[in-house]
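S.K.: Got a structure here, written out as structure tokens. Questions coming.
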Amino acid sequence: MGGNNKQSLTPEQQKYQDLAQKYELQRPVFKNCIRAFFIGGLISLIGQLLMTFFMTYFDFTEKTAGDPTIAVLIFLSALLTGLGVYDRMAQYAGAGTAVPVTGFANSIASAAIEHRTEGYVLGVGSNMFKVAGSVIVFGTFAAFIIGIIHTLVTGGVGH
């Protein structure tokens, strides 16, 4: 509670707040940061290994290996979400599982799973993008703005 709110509390409320604060569990912030760092790094390492696999065994270039890598990461994330594994990883790693591609796939898959009993159209179809919809909208808008800036800076010449 803020300092101003504490002054307006009755003595009983103040006593309760002090007691509650005494028993409140402290968050292990440093440990949580380390977990998030390593799990997020592990997800990124798996992505890099997949990319290297596609470049080595399927003769993709570094530029073209990104698409199948992202597709496999999305598939694995959705599969692990369906099996309940991704949620357990997220409980352990916290923000480490929010790596953009896998975190986005997890948010869509978990919303689809949650609303599947309402039917495919009204349940899954209409609810799976509620959580991820803002990401799609702002990502599309940001890509549009960056495309305009790129066009203005380069004069419309692609690489």
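The values are calculated or read from the model by the stated rules, or taken from the named source; none is laboratory data. Because the structure is a prediction, the values reported are computed rather than measured. Reconstructed Cβ throughout: ideal geometry from the backbone, glycine too, with neighbour counts over all protein chains shown. Accessible surface areas use protein heavy atoms only, side chains included; no ligands, DNA or RNA. Shrake-Rupley method; radii C 1.70, N 1.55, O 1.52, S 1.80 Å.
S.K.: Report, to the nearest 10°, how far helix 100-114 tilts away from the longest principal axis of the Cα atoms in the chain, using its own Cα long axis and a range of 0 to 90°.
M.R.: Taking Cα atoms only, the helix is inclined about 70 degrees.
S.K.: Hey, another quick one. So what is the relative contact order for region 1-110, in percent, with contacts set as C-alpha pairs under 8 Å and at least six apart?
M.R.: 30
S.K.: Please list 16-22, 91-97 highest first by mean number of surrounding beta-carbon atoms within 10 Å per residue.
M.R.: 91-97, 16-22
S.K.: List, in order, the whole-Hz ³J(HN,Hα) value for each residue of region 143-152 obtained from phi through the Karplus relation with A = 6.51, B = -1.76, C = 1.60 and θ = phi - 60°; use x for Gly and Pro.
M.R.: 5, 5, 5, 5, x, 5, 4, 4, 5, 5
S.K.: For the chain, what does the accessible surface come to per residue with a 1.4 Å probe? Please give it in Å².
M.R.: It amounts to 75 Å² per residue over the chain.
S.K.: What number in nm² do you get for region 72-121 if you take the convex hull of its Cα atoms and divide its surface by four?
M.R.: In nm², the orientation-averaged hull projection of region 72-121 is 3.5.
S.K.: Working from Cα positions, state the angle (0 to 90°, nearest 10) between the long axis of helix 66-82 and the longest principal axis of the chain.
M.R.: Helix 66-82 sits at roughly 40 degrees to that axis.
S.K.: Given a 1.4 Å probe and every protein chain left where it sits, what share in percent of the accessible area of region 2-109 is carbon and sulfur?
M.R.: Taking all protein chains in place, region 2-109 shows 65 percent carbon and sulfur surface.
S.K.: Which angle between 0 and 90 degrees, to the nearest 10, do you get for helix 11-23 versus the longest principal axis of the chain when only C-alpha atoms count?
M.R.: 50
S.K.: Straight-line reach from K22: which aspartates and glutamates have a Cα under 18 Å away, not including same-chain ones fewer than 8 places off?
M.R.: Within the straight-line limit of under 18 Å, K22 reaches these aspartates and glutamates: E12.
S.K.: Let me ask another. What number results when the radius of gyration of region 19-72, computed over Cα atoms, is divided by 2.2 N^0.38 Å?
M.R.: Against the compact-globule rule of thumb, the ratio is 1.93.
S.K.: Which value results when the Cα radius of gyration for region 1-139 is divided by 2.2 N^0.38 Å?
M.R.: For region 1-139, the normalised Cα radius of gyration comes out at 1.49.
S.K.: Let me ask something else about it. Could you check which residue among F75, F144, F30 shows the biggest mean-square fluctuation in a GNM of the chain with a 10 Å Cα cutoff?
M.R.: Ranking F75, F144, F30 by mean-square fluctuation puts F144 first.
S.K.: Which one, I46, I146, I108, has the greatest fluctuation when you compute a Gaussian network model over the chain with C-alpha springs under 10 angstrom?
M.R.: For the chain, modelled as a Gaussian network with Cα springs under 10 Å, the answer is I146.
S.K.: Using only alpha carbon pairs under 8 Å that are at least six residues apart, calculate the relative contact order of region 53-159 and give it in whole percent.
M.R.: Relative contact order, region 53-159: 16 percent.
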